[in-house]
Structures are given as structure tokens and as C-alpha cells.
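Below is one structure; the comments refer to it alone.
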């Protein structure tokens, strides 16, 4: 088992799906019974019926953007936690603020798989440059590194000169942190004449991996792998040596839904990442991350058989102010819902003669002035704003996950 963290990664897709959904009803029942928010949200749901993706897709989505208000109304966790705060291992306060609970146990954020795929092994030393102060990323990856069997240097952020000195002295093999910070450390080491060549691989997340950083690391022979996750969920997907998308972590059920809805999109279409995790302390069910991605077809050449994501492709919350009023993706979805002839829609916000304009471009096999007029009336009713409507052929709209496009300069 040198290539894989465990045998779960190479299960057949059918076996994985069967095992995840065999465990889901009990998890939903646990959340409903012990987390007050889910008790209310799922009051009319029979947990025993949630045994496949279609049943899961019928449940409401709870979005990350809801957490600040939920936690303010029902502190500390908005009723989403299923345990008392005193029974947790750590409690964090991410920007927002959003309070994030960490339960006891081995690898509670499920980061070990991503680190293992990046090259971390038992006996290695990991230089962890994620923050340890109030936000969860430092602990998130330290616990995963410990699960792999690594010693951890809790480096945190900043103090670039000291970081370089520590790497030169302690010779860690791996780096964990944002994509750009290792480059900054190594450039500082060069300026100081320090040898930091012990670092041979890295797991990065929390920011864009830009071409200049990629070229810099490749020039130094450092293998850098990306991960995707959130402060609420932990690791969701991770890059492998195949370099073809991000493989979904085994403890997650991932759906891609049309922004503003909970409706799954066809494979390959860009939409919002919605995640269900099996965390008994914080049982997030259909948690909308607000991030856009898409599913890649097939399985990874590396041998891992789970679903793959293309990676982070933007934000799903495209709320835009038009003529002083907010227009939300949910409103565009409502217009489509009221007209079965429409397959998909994109609201383009523009500017003409010092005034905002709206054009709703709709994919439809049907055409005609009657449909245009009806959709235009619905658009005005739902948004309280006037706009024009254009009907286009199915497949004509870009596959980029945008429901609202702000085309104003």
C-alpha cells in the first residue's frame, strides 16, 4: 500500500456509493435528533428514506453564507452542532465571524489522504505554515499529518526569515500552506545564503496557484499538489500524481448543483459544490460551499476511483445590485422553474445611457413572442425590475456556472 492511503481509495464506484448511502440514513437520523437546526429543517423527513442521490437531492441545502446569521441567532454554532461545546477538542473563530467546531479523534478534518497523495509519509517532517491562531487550518493539517505519521513544525504564518532558518536547521521534507508562501520563504533563504533544499513536496490550498509560483517550484524540483476544502468541512478533494483534477475525499458525498437551487446538474456542467460529511459532532448535510466546480468524467489514472472535481472555478453566490436592488441567483432559478420550456438561464447585467440594464438569456427549444413576453413578465414579478428576454438554443450558454453575469465596466 505505498501508492494509496488505504483500500477505500480503490473501491469500485458502485461499492463506494452503496457503502456511503447505507451509512447515510443513520447519520441523517443522528443530525435530526441531536442538532436542533437539522431537527427543524428535516422535521418532515424520514431518515430511512435517504438511501440514494435522488433522495439526498430532495433535502434542503444549507449554505455557508447562512452561517453568520444562524450562529448569531443561536450561538455558538447555529444549532448545527450535535454535541455540547465543552465536549469538543477545539473551537475556532474564522472571519465572519463563523465558529468552527473540531471534535476529538484521529484526523477529524480528513486531511491525511491529501497529504499522503502529495508524498507525506511516516517519519517525514512537515513544515506547516497555516495559521494556528483562531482559524482551523493549522490544526486541520497538523492532525492529518499526525495521522500519516509525520512530525510537524507548527510554523504558522509570517516571520519569513525565521521560517527559512527553521527549515535550514530542521530539514523538513514537506511544506503545508498557501501556494505562494513557500516561494517567499525560499527566496528569503536564498538572500540569506541558507540551504532549504530539504523540501521536496508540498500540499497547498487557501489561494490561487499561479503560473509564476508553479514555474518556480518546478525549477527547484519540488512537487506541489493542490487541495480543496473549507473551514467548516475540512478537506473535500485533493490532487494526486495523475495531475488530472482533484479526487473527492472518501468521507464526503459531493454534489454539483445549479447555483441558487439544490438541483444537481449533469456531469461536466459547472455548478455549486454541495457537500455532506459524516462528522457526528458537526453533521453538515447538503452544505453549500458557495464555490463553483464540475465533475470530470471517468476515474483518475492514479488508480483512485472516487469522483474527481475540476478544481475551484469561481464563486456561486453571484448576487448583484441592479438599479439599487439586489438580484440573487435564486430569483433567476425561480423564473426558470415557472416556465418548463426553459432549460437554463443567465441574467446579463449591463449599462446603457447611465442606467443599469438586464437581459435574461434563456436556453429553450421553443421560440416565439408569446414565450418571450411571458418570461419577461415573470422576470419583472420575481425581481421587481424590468428586463429584456432572449431565447437561445440549448447548449448556447457558456458552461461556467454563471447565473448572473455583471457585464458593466
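The values are calculated or read from the model by the stated rules, or taken from the named source; none is laboratory data. Keep in mind the model is a prediction, meaning the values are calculated, not measured. Ideal geometry is used to build each Cβ from the backbone, glycine not excepted, and the neighbour counts take in all protein chains shown.
Of all residues in region 243-293, those satisfying the criterion of being closer than 14 Å to residue 329 by Cα, out of contact with any helix residue (DSSP H, G or I) (no Cβ under 6 Å at 6 or more places or on another chain) and in a strand (DSSP E or B) are 257, 271, 272, 288, 291, 292. Condition test on residue 303, is it touching a residue at least 24 places away in the same chain (Cβ under 8 Å) and more than 30 Å from residue 7 (Cβ to Cβ)? Taking the combined requirement at face value, the residue does not satisfy it.
Restricted to region 313-409, the set of strands (runs of 3 or more DSSP E) holding at least 2 residues that are in contact (Cβ under 8 Å) with a residue 60 or more places away in the chain comprises 320-322, 325-327, 404-406.
The C-beta contact set for region 173-188 (first residue more than 21 Å from residue 113 (Cβ to Cβ) and assigned by TED's automatic domain parsing to the domain that holds residue 225, second residue at pLDDT 95 or above and assigned to a loop (DSSP other than H, G, I, E, B), distance under 6 angstrom, 6+ apart or interchain) comprises 181/129; 186/196. Among the residues of region 77-104, those that are within 30 Å of residue 201 (Cβ to Cβ) and either without any contact (Cβ under 8 Å) to a residue 12 or more places away in the chain or buried (at least 19 other Cβ atoms within 10 Å of the Cβ) (or both) comprise 92, 100, 102.
For first residues located in region 204-219 and in contact (Cβ under 8 Å) with a residue 60 or more places away in the chain and at positive phi, partners that are surrounded by 13 or more Cβ atoms within 10 Å (Cβ to Cβ) and not in a helix (DSSP H, G or I) and lie 6+ apart or on another chain with Cβ distances below 7 Å form the pairs 206/178.
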